[in-house]
1. In what sequence, highest mean first, do 28-39, 229-240 appear when ranked by Cβ atoms within 10 angstrom?
2. Could you work out [θ]222 nm for the chain from helices alone, using -39500 (n - 2.57) per DSSP H run of at least four and dividing by all its residues? Round to the nearest 500 deg cm²/dmol.
3. Helix 306-317 sits at what angle to the longest principal axis of the chain, using alpha carbons and giving 0 to 90 degrees rounded to 10?
4. If one takes the longest principal axis of the Cα atoms in the chain, at what angle in degrees, from 0 to 90 and to the nearest 10, does the Cα axis of helix 254-264 lie?
5. Which stretch or stretches of the range 56-93 have amide N atoms under 19 Å from the point lying 7 Å from residue 122's Cα along the Cα→Cβ direction?
6. Arrange 295, 107 by Cβ neighbour counts within 10 Å, fewest through most, would you?
7. Assuming 0.36 nm per residue, please report the length gained on full extension of the stretch residue 114 to residue 135 beyond their Cα-Cα distance.
8. How many nm is it between the label spots at residue 270 and residue 71, if each spot is 7 Å from the Cα in line with the beta carbon?
Amino acid sequence: MTSSPALALPLSRFSRFETCELDEASSVYSRMTAPVRIHKVSSREAFGWRAHQLALGPLTLSTHETQGRSLADCPETDTYLLSFALSAASVEATTGDGVVPIVRGRTGLLAHPRQCSRVSVESGSQIVQLNMPHHAVRDAMTTLTGVASGEVRFRPRVELDAAEVTPLRALLSHVLREADEEHPSFEGAGMGERLAEALLFKLLLTQPHSHARLFVRTEAAEPAHVRRAAEFLEANADRQVTMAHLTQLTGVGARSLQAGFRKHRGCSPLEFVRARRLERARVRLLTDDVASSVTDVAHDAGFTHLGRFSVSYKARFGESPMQTRARRWVPVG
């Protein structure tokens, strides 16, 4: 196979496969990533494919280069597949949700389980793919929220130039750069699993999906005073807010506000804001690249008493703040 002169293919230190046979490429890709059947667009064009693969805990990161135009038919699978373009050659995916162009630096594709697709690939294309088993995504959601969740459905089109996607892009770019170094940090014991968890958390926190309500809780049918108080508490969870402040804000008495929260939120205003603080603390403990202490994280989240914070945290998430912090993955360099 003649490789593209424009870009070296990342992950070159890891498992490599190369072939000019369509059936062989289909078979190997199906084992590496997800079931696929590859076809030539033109019998007059030579076909070639090469790939590298890196295992990160339950996830698989791979890079692919294709010579000759081809079509890839992808049947239903039980994994999520995130695809970004590394080269300027065009790649376009057609799914049940419509057509998604995979354009370098602009748009990517996030395919979900039980979704069929057809991918049109131009000659010289280079892409990176992150394969995520559905149970890994589900478990990461439960870890972040403390709530058992079902299947997460993402918006298939990933807007790579959107500011909220920057943390995910930065982490993936760091992994690809470090993977080609002689001693990448994630080769240490347990580091691949931590990196996988960090990637899943950033994906869940930055890409729109069906369980986003677990991060921003609002209820359209609830009374305006409950919704207004909840929105205020969400925005000011790190501050000390009194019931007097809430009654002044909403124009209703304390008993009515308490009753409204119990009915529509299943908790008191105090319990509501404490839960938001715990969730913010957990996200930071799991994803913060800065080596902040547990005390700093608790204080910044709005807790004034570290002992009470630790007790409440363990009761909510089943582990101590220190145990959560020890599981976070931090890029080196």
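Taken together, the values in this text are just the output of simple stated rules run on the coordinates, not laboratory data. Since we're looking at a predicted model, the values are computed, not measured. Methodologically, a virtual Cβ is constructed for each residue, glycine included, from the backbone with ideal geometry; neighbour enumeration extends over all protein chains shown.
1. The peptides rank, most packed first, as 28-39, 229-240.
2. After summing the helix terms and dividing by the residues of the chain, the value is -12000 deg cm²/dmol.
3. 50
4. Helix 254-264 and the main axis of the chain meet at about 30 degrees.
5. Within reach of a label on residue 122: 64-72, 83-93.
6. With the fewest neighbours first, 295, 107 line up as 295, 107.
7. Extending this stretch completely gives an extra 6.2 nm.
8. It is 6.5 nm.
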